[in-house]
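For reference, the structure is listed below as structure tokens.
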Amino acid sequence: MKLTIYLADDHAMFANALALTIEGFKDVSKVKTASNGKELIDLVEKKKPDVVITDFEMPVMDGMEVIKRISKKYPEVKIILLTMYNNVQLVREAMDHGVHAFLTKSFDPSELETAIISVVEKDFYHNDLMYKALKYSASVNIKTSTSLTDREKEVLHLICDELTMKEIGDKLFVSDKTIQNHRQALLRKLGAKNTAGLVKKAIEEGIYKIS
């Protein structure tokens with residue numbers, strides 16, 4: 001697995017240092033940088049990367065707008081949002097718009113590498129900040145009339161347990177394609193954009209409980 005990563009941050013020194021760090025990750029083949037969200041979107045439109053890493057506060061176009069545009073037009077591209085703020089409400093909003101992972105800028109490089117691999121393999125990365133946001137979602141406990149089959153609930157629980165699609169298929173003795181079909185049905189029924197959104201919706205609706 002060799003990944004292409006695009007990075008957007010308006011602080012050139014930080015962006016360049018981070019790019020050098022990411023280039024050292026064993027699963028990364030190429031890193032490109034942008035100084036704002038608009039430049040990042042332009043790069044994505046020329047050639048899609050596997051993962052984009054975007055700062056939250058930037059001139060011209062901020063990180064939240066980047067998330068909205070990429071998740072709508074290029075849902076297969078994974079998005080990691082960086083911010084200076086440890087803000088649960090921001091995490092929840094970003095999850096609603098399609099972010100796959102969320103890191104504060106105090107992250108350790110090893111955590112960033114883990115997050116990149118996780119969003120590619122599992123479609124989301126679950127760290128302490130994401131956990132706090134999900135715990136808040138559990139307290140909201142929004143009940144809807146969503147009707148899921150027993151198998152869909154089983155698949156959803158395994159997704160929330162952070163299993164990959166292949167691991168779920170192996171556990172349930174069905175093909176990866178079958179699991180992908182269940183995942184698409186879950187996305188549609190729960191109104192989620194990706195796996196991170198599925199986990200949030202499952203917790204909000206009381207389908208899955210955080211241990």
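Residues that are closer than 18 Å to residue 94 by Cα: which helices (runs of 4 or more DSSP H) entirely in the range 118-211 hold 2 or more of them?
Once the helices (runs of 4 or more DSSP H) in the range 118-211 are filtered for at least 2 residues that are closer than 18 Å to residue 94 by Cα, what remains is 128-140, 176-190, 195-204.
Across the range 46-78, which residue is surrounded by the most Cβ atoms within 10 Å (Cβ to Cβ) among those that are among the acidic types (Asp, Glu) and assigned to a loop (DSSP other than H, G, I, E, B)?
Checking each candidate, the answer is 50.
Filter the range 6-35 down to the residues that are assigned to a loop (DSSP other than H, G, I, E, B) and under 18 Å from residue 94 (Cβ atoms) and list them by number.
Within the range 6-35, 9 is the sole residue that qualifies.
Throughout, read-outs are computed from the coordinates displayed, never taken from laboratory work. What you see is a predicted model, and the numbers here were worked out from it, not measured in a lab. Don't worry about glycine lacking a Cβ; one is built from the backbone with ideal geometry, like all the others, and counts go over all protein chains shown.
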